[in-house]
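Novice: Have a look at the structure that comes next, please.
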Amino acid sequence: MINRKPEGYKDLLVYQKAAELQRLTVDLTNLFPKAKNLLSLKDQMDRSARSGTKNIIEGWKRNTTSEYFRFLGYAIASIEELKDDFSDIATGLYKELMGVKGVTGKIFGPFTPITPLDLEKLRFYPLDTTLPPAVQLYLRCKEVLMLLNKLQKSLDLKMDKEGTKSVAEKYRKKQAETKNYD
């Protein structure tokens, strides 16, 4: 049984970063033109950002480390989906968003889509605030994912140390270790 502060998740850097990402995502998607396909994209991106934050909360509120670990996995999946949506925008998949100020539009000059390879090479820290907003949010997703993965890894080690992993989890770990030896 996990014994922690009821709202201790608010002290977690990963939660703070995810909540900020959610707010910034909603701010950005509110700038989308009101085209049908973009309304669907806006809704999906807003829900992915919300899901990342809310799964951190829900995991924190669960009774076992194993449940917490699982909900962090859901948060990772949601933020990964959001990151991919920002990648689609930054690489020019949504032509209707090219040049929209506050999304891809820059103050100086037109927006040139970035290649996926160049996008992946960008570092999230320190954040380059001269990049287009969609690219900055892509990088913020990378940062939140790094923090979520670190937290999940620490919980995995805790469960190993305490011997609290389920039989299924122990089996999956053994299978992964066997696969790595081959």
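The values are calculated or read from the model by the stated rules, or taken from the named source; none is laboratory data. Since we're looking at a predicted model, the values are computed, not measured. Note that we place each Cβ from the backbone using ideal geometry, even for glycine, and neighbour counts take in every protein chain shown. Ligands, DNA and RNA are stripped out before the accessible areas are found, and what is left, the full protein with its side chains, is counted by its heavy atoms. Shrake-Rupley method; radii C 1.70, N 1.55, O 1.52, S 1.80 Å.
Novice: Assigning unit charges at the beta carbon (Lys, Arg +1; Asp, Glu -1) and nothing else, what dipole magnitude in debye, to the nearest 20, does the stretch 132-182 show about its Cα centre?
Specialist: Details: 12 positive and 7 negative charges, 9 e Å.
Here the stretch 132-182 has a charge dipole of around 40 debye.
Novice: I'd like to know how the stretch 70-145 sits against the 2.2 N^0.38 Å rule of thumb: what's its Cα Rg over that expected value? Walk me through the intermediate numbers first.
Specialist: On the way: Rg = 12.7 Å, N = 76, 2.2 N^0.38 = 11.4 Å.
That works out to 1.11 for the stretch 70-145.
Novice: Quick one: net charge around Glu169, please, counting Lys, Arg +1 and Asp, Glu -1 for every other residue with C-beta under 13 Å from its C-beta.
Specialist: Taking every other residue near Glu169 into account, the sum is +2.
Novice: OK, next. Dividing the Cα convex hull volume of the stretch 32-182 by residue count, how many Å³ per residue is that? Could you put the intermediate results ahead of the total?
Specialist: Details: hull volume 22.2 nm³, N = 151.
For the stretch 32-182, the hull spanned by Cα atoms encloses 147 Å³ per residue.
Novice: Once all Cα-Cα distances of the stretch 16-97 are split into 10 Å bins that start at 0, what whole-number percent is in each one?
Specialist: All Cα pairs considered, the percentages come to 19, 45, 24, 10, 2.
Novice: For the chain, what does -39500 (n - 2.57) per DSSP helix run (n ≥ 4), summed and divided by total residues, give at 222 nm, in deg cm²/dmol to the nearest 500?
Specialist: -22500 deg cm²/dmol
Novice: Where in the chain lies the longest segment free of chymotrypsin sites (Phe, Trp or Tyr not before Pro) that are both loop residues by DSSP (not H, G, I, E, B) and have at most 16 other Cβ atoms within 10 Å? List each step's numbers first, then the result.
Specialist: Numbers: sites that count: Phe108, Phe124.
No qualifying site falls inside 1-107, the longest such stretch.
Novice: Per residue, how much accessible surface does the chain expose to a 1.4 Å probe? Answer in Å², no decimals. List each step's numbers first, then the result.
Specialist: Numbers: 10730 Å² over 182 residues.
Heavy-atom SASA per residue in the chain reads 59 Å².
Novice: Using a 1.4 angstrom probe on heavy atoms only, work out the carbon and sulfur share of the accessible area of the chain in %. Could the numbers behind the result be given before it?
Specialist: Working: 5980 of 10730 Å².
Within the chain, the accessible surface is 56 percent carbon and sulfur.
Novice: Still on this structure, I have one more. Treating only the Cβ of Lys, Arg, Asp and Glu as charged (+1, +1, -1, -1), what charge dipole size does the stretch 1-127 show about its Cα centre? Round to the nearest 20 debye.
Specialist: Numbers: 20 positive and 16 negative charges, 63 e Å.
I would put it at about 300 debye.
Novice: Once the Cβ-Cβ distance between Ser166 and Asp11 is put in as r, and R0 is 30 Å, what FRET efficiency do you end up with, to the nearest 0.05?
Specialist: On the way: r = 28 Å, r/R0 = 0.94.
According to the calculation, E is roughly 0.60.
Novice: Full extension from Thr130 to Lys150: what is 0.36 nm times the residue separation minus their Cα-Cα distance, to one decimal in nm? Let's see the in-between values first.
Specialist: Working: separation 20, 0.36 × 20 = 7.20 nm, distance 2.81 nm.
Roughly 4.4 nm would be gained on extension.
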